Amino acid sequence: MGGASGAGASFRVGRAQVFSFDVGDLELRLDEVFDPKADLSTYFGEKDLSSPEAFPTRSFYVSSGSRRVVVDPSDYARLVSPGHFRAPRGSAPPPTLEEQLAAAGAAPSSVTHVVVTHLHYDHYAGLTKGKAGAPELAFPSARCIVPAKDWSTPEMVGARERRDADVAETLGAVEGAGKLELSDGPLDLGDGVTVEPFPGESPGHQVVCLKSGGDSCYFVGDLYHLVEEVEHPELAASWADGPALLASRRAFAERAAAEGALVLPGHLPAGRIELKGGAPSWAEEKA
Ligand SMILES: [Zn+2]
């Protein structure tokens, strides 16, 4: 099915090639993700939800026909800069996405599309590179597709109006270059690559679907952060729209299981979803 190397984990999907790049671990506590007042013992037993855990963060690259697509470009240095996410103690910064793409033989200038599954910083911090105040597009020729409903949340509108650096130097630079495209519904990028809304984690959260030669693969962003969320689809982060997320997860699990699809979440290793008596379960895929 593929292999792991300095160039990330690779998977063949029909005639297409997919790479998953580990761009670095973030440190989070489960009581920061889920409402700490809720009874979470059904999901986590007696586990201490206040102890820090490492959450790997991933970016992806797809080569299908004439399409070269980056999904959720991240940038570890920006994510763990002061005032942002925490880095686990002692963790070494991984090679940058640019370096990992180069090791995989992918040239940033040949990328045709960048899709951001949702507008949380860990999924778009790598849209640009360069020094603070002087951002350069990381993928200069690419159309950058972001969810319209995330672009127009009050938080995002506020950040855009006050020229918040995280937004201005990434999404703002892409918009200024005329490369930003807002998606609000299914979108066909060609050569078997489509984008579809699966809301809940954010109002416009979207998933990238790749079909080639009878195989299918889904880049699902933060539809799931943890295996427990696959197996208990009602388990929702405190910032999510619970009912919308549950509907998205049910629809997605049914489709992914029926297709035997490879599923690539933003913070989990690759896997496949099986439905046993209607209950979803997760099987990790060996790269
Ligand atoms: Zn995320």
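Computed from the coordinates by the stated procedures, all read-outs in this text should not be read as laboratory data. All values reported here derive from a predicted model rather than from experimental measurement.
Using a Gaussian network model of the chain in which every pair of alpha carbons under 10 angstrom is joined by a spring, one finds that among 125, 261, 134 the greatest mean-square fluctuation is at 134. The range 40-68 and the range 216-287 have their alpha-carbon centroids 11 Å apart. Take the chain, connect every pair of alpha-carbon atoms lying under 10 Å apart with a spring to form a Gaussian network, then pick out the residue of 266, 214, 83 with the largest mean-square fluctuation. It is 83.
The equivalent ellipsoid of the range 189-250 has semi-axes of 24, 13, 8 Å, largest first, where each one is the square root of 5 times an eigenvalue of the Cα gyration tensor.
How much length is gained on full extension from residue 102 to residue 54, taking 0.36 nm per residue of separation minus their Cα-Cα distance? Provide the component values of the computation, followed by the final result.
Numbers: separation 48, 0.36 × 48 = 17.28 nm, distance 2.60 nm.
So the extension gain works out to 14.7 nm.
Provide the gained length on full extension for the span residue 194 to residue 86, in nm with one decimal, where the gain is 0.36 nm per separating residue minus the Cα-Cα distance.
On the way: separation 108, 0.36 × 108 = 38.88 nm, distance 3.34 nm.
Roughly 35.5 nm would be gained on extension.
In percent, rounded to a whole number, the relative contact order of the range 191-261 is 31, using alpha-carbon pairs under 8 Å and six or more apart. Of all the options 162, 86, 58, the one that moves most in a Gaussian network model of the chain with Cα springs shorter than 10 angstrom is 162. Calculated [222 nm] ellipticity per residue, helices only, for the chain: -5000 deg cm²/dmol; basis is -39500 (n - 2.57) per DSSP H run with n ≥ 4, divided by all residues, nearest 500.
I'm checking a number: the convex hull volume of the Cα atoms of the range 132-196, normalised per residue, in Å³. What is it? Let's see the in-between values first.
Details: hull volume 5.8 nm³, N = 65.
It is 89 Å³ per residue.
Run the numbers for residue 157 and residue 228: contour at 0.36 nm per residue of separation, minus the present Cα-Cα distance, in nm.
Details: separation 71, 0.36 × 71 = 25.56 nm, distance 3.28 nm.
My answer for the length gained is 22.3 nm.
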